[in-house]
Amino acid sequence: MTQGYRVAIVGATGLVGRTMATVLCERHFPVRSLRMFASARSAGSSLEWNGRSIVVEEARPDAFADIDLALFSAGASTSRELAPAAVAAGAIVVDNSSAWRMDPDIPLVVPEVNPDDVAWNKGIIANPNCSTIQMVVALDPLHRARGIRRIVVDTYQSVGGTGNKGVAELREQVAQDAAGVALTPNVYPHPIAFNLVPQIDSFLPDGSTKEEAKMVNETRKIMHAPLIKVIATTVRVPVLCAHSEAVHVGFERPITPDEAREFLRRAPGVIVEDDPSRSIYPTPRDKIGRDEVFVGRIRSNDVFENGLSMWIVADNIRKGAATNAVQIAEELARRGLLANRKERLNVVRG
Ligand SMILES: NC(=O)c1ccc[n+]([C@@H]2O[C@H](COP(=O)([O-])OP(=O)(O)OC[C@H]3O[C@@H](n4cnc5c(N)ncnc54)[C@H](OP(=O)(O)O)[C@@H]3O)[C@@H](O)[C@H]2O)c1
């Protein structure tokens with residue numbers, strides 16, 4: 001296929017969907033045609049892409065004929081409803097929601113970590129949770145070198161992780177606070193302006209949240225390491241975009257901070273920014289718009305045997321969502337798994 005692929009974005013008006021369109025363009029993904037889908041609310045509006053205006057269509061089960069690649073980013077219920085229809089119509093779906101991530105029949109992929117898992121897809125590939133993606137990009141190279149036994153992670157997650165409505169709520173509450181107006185939480189259980197909320201998603205019976213459980217389960221699945229022990233506390237913070245994480249790790253074998261920096265400097269998609277003498281470490285504000293995962297504050301800890309601590313920052317809309325999804329599509333294209341899926345399906349159905 002020399003002219004590229006027929007691509008659809010479902011959730012095209014969202015924070016992630018818009019960024020997917022941008023990233024396709026930036027990375028010169030071979031797009032033959034691009035269709036934009038959202039809910040009935042946005043149908044008929046238009047979005048600019050690559051110098052042209054594309055009319056947004058309502059996402060419906062019969063909308064996916066003649067699509068090679070469907071990038072889904074419209075929430076889990078939309079994915080559950082529409083992704084199987086897209087696959088049946090011959091598309092490969094890269095799904096950004098939580099709908100399929102822990103399904104044993106569906107690969108969960110971070111291309112820097114487990115690219116080969118794209119090969120066993122049956123039509124859907126899941127894009128992991130944003131906080132998990134940035135953590136495994138930084139930890140997998142260290143795991144390969146010294147073997148990880150335990151991870152304790154505390155997150156500082158931006159409101160961009162909640163999409164357009166999270167960003168709107170923070171901006172509105174900051175203005176209301178300045179005007180002396182009482183803050184009424186809408187998106188989060190408490191005001192987010194000048195505050196921290198240690199609850200992302202709903203609570204599970206064991207007292208953890210679903211977001212925390214995602215970090216535990218998805219990390220093990222992506223790294224093919226079911227025995228790693230992980231505990232997460234996930235916190236929403238009044239930052240517009242980019243998530244940060246304080247991560248404490250216990251290894252099977254000794255590892256020094258210098259060795260860790262060296263492993264990370266050689267790792268794909270990672271940038272080490274670590275010079276405490278000059279206050280150099282990543283902060284979320286200066287990583288907005290970047291596709292890499294940034295690591296600093298690397299130091300030993302004696303809480304764990306062979307312990308190491310670090311600070312990990314990445315743009316959650318980009319590497320945590322849109323960029324990772326497009327990288328999965330690139331991986332599929334490189335392996336010849338995107339073209340002619342419909343024909344291959346017909347051969348299998350015979
Ligand atoms: N933001 C992040 O950092 C991040 C990271 C990883 C994963 N995710 C996941 O990505 C998805 C989208 O996140 P977002 O941040 O982009 O949210 P968002 O800004 O709120 O956008 C949601 C998108 O979904 C569309 N949508 C909603 N209901 C729909 C329906 N019934 N049918 C078709 N389209 C529908 C919306 O269309 P309308 O404009 O028409 O309402 C909009 O395009 C979610 O599953 C989220 O969990 C987000």
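The values are calculated or read from the model by the stated rules, or taken from the named source; none is laboratory data. Fair warning: this is a prediction, and the values are worked out from it, not measured in the lab. Quick reminder, even Gly has a Cβ in these numbers, built from the backbone with ideal geometry, and neighbours come from all protein chains shown. Accessible surface areas use protein heavy atoms only, side chains included; no ligands, DNA or RNA. Shrake-Rupley method; radii C 1.70, N 1.55, O 1.52, S 1.80 Å.
Scanning for something open to solvent by less than 20 Å² (accessible area, probe 1.4 Å) and more than 16 Å from the ligand (Cβ to nearest atom), does region 170-178 turn up at least one residue? Steps first, please.
Looking only at region 170-178, we keep the residues that are open to solvent by less than 20 Å² (accessible area, probe 1.4 Å), and these are 170, 173.
Right, trim to more than 16 Å from the ligand (Cβ to nearest atom) and you get 173.
Yes: one or more hits.
Apart from one condition, H248 fits all of (1) assigned to a loop (DSSP other than H, G, I, E, B); (2) surrounded by 14 or more Cβ atoms within 10 Å (Cβ to Cβ); the exception is (1). Scanning region 15-28 turns up no residue that is surrounded by fewer than 19 Cβ atoms within 10 Å (Cβ to Cβ) and either more than 27 Å from D315 (Cα to Cα) or within 11 Å of the ligand (Cβ to nearest atom) (or both).
Restricting to region 60-98, what's the tally of residues that are in contact with a Pro (Cβ under 9 Å, 6 or more places away or on another chain) and open to solvent by less than 10 Å² (accessible area, probe 1.4 Å)? Number of matching residues: 3. For region 135-169, residues that are in a helix (DSSP H, G or I) and within 13 Å of the ligand (Cβ to nearest atom) total 10.
Scan region 43-59 residue by residue and report those that are near the ligand (Cβ under 8 Å from one of its atoms), assigned to a strand (DSSP E or B) and either of a type in the set (A, V, I, L, M) or open to solvent by less than 70 Å² (accessible area, probe 1.4 Å) (or both).
So in region 43-59, the residues near the ligand (Cβ under 8 Å from one of its atoms) come out as 43, 56, 58-59.
Then drop every residue that is not assigned to a strand (DSSP E or B), which leaves 56, 58.
Of everything in region 43-59, just one residue is near the ligand (Cβ under 8 Å from one of its atoms), assigned to a strand (DSSP E or B) and either of a type in the set (A, V, I, L, M) or open to solvent by less than 70 Å² (accessible area, probe 1.4 Å) (or both), namely V56.
When region 277-291 is filtered for residues that are in contact with a Gly (Cβ under 8 Å, 6 or more places away or on another chain) and open to solvent by less than 50 Å² (accessible area, probe 1.4 Å), the ones remaining, listed by number, are P282, D291.
Yes/no matrix, rows are residues, columns are (1) more than 30 Å from A99 (Cβ to Cβ); (2) more than 17 Å from the chain's Cα centre (by Cα); (3) open to solvent by less than 40 Å² (accessible area, probe 1.4 Å):
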| site | (1), (2), (3) |
| --- | --- |
| V187 | no, yes, no |
| A213 | no, no, yes |
| H243 | no, no, yes |
| A260 | yes, yes, yes |
| F263 | yes, yes, no |
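When region 1-14 is filtered for residues that are more than 15 Å from the ligand (Cβ to nearest atom) and under 20 Å from the mean Cα position of the chain (by Cα), only V7 remains.
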